[in-house]
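Okay, structure first, notes after.
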Amino acid sequence: MFDEKEKTFLSDGFVNGECTFCGAQDQYGDGCEKCGKVYSPLDLKKPYSILSKQAPVIKESTHLFFKLTKAKEFLEEFLEKPALSKDVINYLKNWLEKLEEWYISREPPYDGFKFPGEDKYFYVWWDAPLGYFAALKHYCEQNNLSFTSFVKNEKSEIVQFIGKDIVYHHYLFWPAMLHVGGYNLPNAIPVRGHLTLNGEKFSKSRGIIITPAQVVSKYDKDFLRFYLTAVTPNSPVDVDFSWQEFKNKVNGELIDNYGNLLFRVTSMIKTKCDSKVPEPANYEDEDKAFSELFTPFLEKIKGHYEKADLKQALETTMDFCRKSNKYVNDTKPWDLQKNHVERYKTVLYLSFKAVAIATIALTPIIPDSCDRLIKTLGLKLKWDESLIKPGLIVNPQIPFKKIEEEF
Ligand SMILES: [Zn+2]
């Protein structure tokens, strides 16, 4: 498309119009943010140039294409993978029927990489996924790891988290590129919804925005990780950011539930057992019932992480912490110490084990905190229950500082 007034070709970002599929207004030329369909600027209804606000004219120009139709059979097979989102696949099936070649060059002016030897640019969704590999390669080089052992290796797994507006690019285009290049395909591509603010879309120009940098300049970055995990389901549903909910989740769940368990258990071991995790004695019914929660909890957690369901993993861990706090409240170790020394040791040992397991389970969600807090338990961050044993030396620290601010 060409803007006659400005005398320039218009790339997708410079043509707006009405989505031909759902009728949404003011959509860009390469796809609709409302319904998620991908198309060419030629498909827009009532197109206009955002430079001159005039309707563009169609001019002939040469472009480069990726032969996506050649990958049709491969893509049909790829979309059968059980770990891919079923809803997304049903939605893509129609599109696969009418698969067309993918045009990957854009006219200047365009923000991006130039095609070698041509006055054209790569379409942003051609080079953006390559950036994932570039970042990984850079990381591997800096850490003495083998890049190919991640991307060309049957034993490695790739899980790719994406937003719901880039489904086509990551379920069709990118796998086709990987297939042609002989690289590992993603094993799972969990799709998430958008984050809104007071129910509205984030928008820089309209001032509806909070950046991660703004949040972490004021609060522990694990608070943000914890909050976003707590409110983001494993599905393409939009999530509303709320400062009040941020505070409630952090203070009420992370600190009052998990943090409280950690601090009270390590403090009791410090003051009553010379900081040394005691040897347990015989279990009473209550202790036995509590200790029998551990293995099923760990199995459940592993399952949630395997499925990339972080919200479920977090909720399961918080539930486990609540049960552990209840066990401490019910057994009242502070009363046991005088006349029931053996039972006292059992209760402290089991409570210690519970909080150690919970810390390891939370590591993927709040890695920096767990890295710091596991040391207060005399442990290392390792998924190995056998390391949690009597004789470890605890060093209690107040785990987190509560959010005091009123919102
Ligand atoms: Zn649409």
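The values are calculated or read from the model by the stated rules, or taken from the named source; none is laboratory data. None of the values given here were measured: they were computed from a predicted structure. Cβ placement follows ideal geometry from the backbone for every residue including glycine, while neighbour counts extend to all protein chains displayed. Areas reflect the complete protein model, heavy atoms only, side chains present, ligands, DNA and RNA absent. Shrake-Rupley method; radii C 1.70, N 1.55, O 1.52, S 1.80 Å.
Here are some notes:
- Residue pairs meeting the criteria (Cβ under 7 Å; at least 6 apart or on separate chains; first closer than 20 Å to I104 by Cα and charged (D, E, K, R), in segment 19-40; second more than 6 Å from the ligand (Cβ to nearest atom) and outside any loop (DSSP other than H, G, I, E, B)): D30/D12; D30/V38; E33/Q27; E33/D165; K37/G31
- Residues satisfying the criterion are present in segment 351-364 (criterion: modelled with pLDDT of 95 or more, open to solvent by less than 30 Å² (accessible area, probe 1.4 Å) and over 29 Å from the mean Cα position of the chain (by Cα)).
- Failed item, numbered, when A281 is tested on (1) touching a residue at least 12 places away in the same chain (Cβ under 8 Å); (2) open to solvent by 50 Å² or more (accessible area, probe 1.4 Å); (3) under 13 Å from L348 (Cα atoms): (2)
- Going through (1) open to solvent by less than 60 Å² (accessible area, probe 1.4 Å); (2) not in a helix (DSSP H, G or I) one by one, E100 falls short only on (1).
- Positions within segment 93-117 being in contact (Cβ under 8 Å) with a residue 12 or more places away in the chain and more than 12 Å from F173 (Cα to Cα), in sequence order: K93, W95, S105, R106, E107, P108, P109, Y110, D111, G112, F113, F115
Residue-by-condition table, conditions (1) closer than 28 Å to N248 by Cα; (2) not assigned by TED's automatic domain parsing to the domain that holds N248:
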site: Y327; (1), (2): yes, no
site: L350; (1), (2): no, no
site: P367; (1), (2): yes, no
site: L381; (1), (2): yes, no
site: E405; (1), (2): yes, yes
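- When residues of segment 103-128 are limited to those that are in contact with a His (Cβ under 6 Å, 6 or more places away or on another chain) and at pLDDT 90 or above, the one surrounded by the most Cβ atoms within 10 Å (Cβ to Cβ): S105
- Options F241, F263, F223: the member that is in contact (Cβ under 8 Å) with a residue 12 or more places away in the chain, open to solvent by 60 Å² or more (accessible area, probe 1.4 Å) and not aliphatic (A, V, I, L, M): F263
- Within segment 11-42, the set of residues being open to solvent by 10 Å² or more (accessible area, probe 1.4 Å), among the hydrophobic types (A, V, I, L, M, F, W, C), modelled with pLDDT of 85 or more and more than 9 Å from the ligand (Cβ to nearest atom) comprises F14, L42.
- Unique match (being touching a Gly at 6+ places or on another chain (Cβ under 6 Å) and over 19 Å from T359 (Cβ atoms)) among D285, D238: D238
- Residue in segment 47-62 that is within 16 Å of the ligand (Cβ to nearest atom), at pLDDT 90 or above and more than 30 Å from the chain's Cα centre (by Cα) present: yes
- Selection status of I208, at pLDDT below 90, open to solvent by 20 Å² or more (accessible area, probe 1.4 Å), of a type in the set (A, V, I, L, M, F, W, C) and at negative phi: yes
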